[in-house]
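What follows is a set of notes on a single structure, which appears directly below.
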Amino acid sequence: MSKVVEGNLRGDDLKFGIVISRFNEFVSLRLRAGAMDCLRRHGTDDEDITVAWVPGAFDIPSVAKKMGDSGKFDAVVCLGAVIRGATSHFDLVAAEVAKGVAHVGMQTGVPTVFGVVTADNLEQAIERAGSKSGNRGWDAARAALELADLYSKLD
Ligand code: INI
């Protein structure tokens, strides 16, 4: 019979890092609210959550790496918003943050989840930050909970 290993959604006694970008702060703040709500509802204490602000999404991976390397966190949640309308180098920033976050997770061995909204315009970004299309911050925190528990079972 096969053995199935999967992560449960329990956040008590787990420590989370959140890396969040100030650029498009209007959206980031709503992503943070979603992530915090998810972690609290699954039993994580506020004092077990450390929030690190960075200037923009491009800067997220380097700080996520520091958090992962510190050994202080069971998972790191990366939050931000890259909006096409706001920049001509949207594609560059969006690609780098996605690639960077993935690399950090592999390098550190700590679950590092992608909660960065990429959108064509502000309206679309807001839709993904707690209105019509849910909240990517909440979703990212949920993934962090599941992965943190799964990693601990695989250790
Ligand atoms: N950073 C974002 O988080 N979102 C954006 O839409 C964005 N735009 O439009 O340029 C953005 N740029 C800044 C970038 O992330 C870095 O902070 C900057 O390049 C310094 O490293």
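Listed values, structure above:
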| item | result |
| --- | --- |
| Sole exception among (1) in contact with an Asp or Glu (Cβ under 8 Å, 6 or more places away or on another chain); (2) within 14 Å of the ligand (Cβ to nearest atom) for residue 81, by number | (1) |
| Residue in segment 17-24 that is surrounded by 15 or more Cβ atoms within 10 Å (Cβ to Cβ), under 26 Å from residue 123 (Cα atoms) and of a type in the set (S, T, N, Q) present | yes |
| Which numbered condition residue 119 misses (of (1) over 21 Å from residue 69 (Cβ atoms); (2) open to solvent by 60 Å² or more (accessible area, probe 1.4 Å)) | (2) |
| Criterion (of a type outside the set (A, V, I, L, M, F, W, C), in contact with a Gly (Cβ under 7 Å, 6 or more places away or on another chain) and within 19 Å of residue 146 (Cβ to Cβ)) met by exactly one of 44, 50 | 44 |
| Some residue of segment 123-131 being at pLDDT below 95, over 13 Å from the mean Cα position of the chain (by Cα) and of a type in the set (Gly, Ala, Ser) | yes |
| Residue count for segment 113-155, restricted to those that are within 17 Å of residue 34 (Cα to Cα) and among the hydroxyl-bearing types (Ser, Thr, Tyr) | 3 |
| First in segment 24-38 and within 10 Å of residue 136 (Cα to Cα) and of a type in the set (A, V, I, L, M), second anywhere and buried (at least 23 other Cβ atoms within 10 Å of the Cβ) and at pLDDT below 95, Cβ under 6 Å, 6 or more apart | none |
| The listed residue being within 18 Å of residue 137 (Cα to Cα) and of a type in the set (Ser, Thr, Tyr), out of 108, 44 | 44 |
| Within segment 52-74, considering residues that are within 16 Å of residue 100 (Cα to Cα) and more than 14 Å from the ligand (Cβ to nearest atom), the one most open to solvent (accessible area, probe 1.4 Å) | 66 |
| Residue pairs meeting the criteria (Cβ under 7 Å; at least 6 apart or on separate chains; first polar (S, T, N, Q), in segment 48-74; second away from the ligand (no atom under 16 Å from the Cβ) and open to solvent by less than 30 Å² (accessible area, probe 1.4 Å)) | 50/17 |
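The values are calculated or read from the model by the stated rules, or taken from the named source; none is laboratory data. What you see is a predicted model; the values in this text were computed from it and never measured. Please note: Cβ atoms are built from the backbone with ideal geometry, for glycine as well, and neighbour counts cover all protein chains shown. Quick note on the areas: whole protein, heavy atoms, side chains included, nothing else; ligands and nucleic acids left out. Shrake-Rupley method; radii C 1.70, N 1.55, O 1.52, S 1.80 Å.
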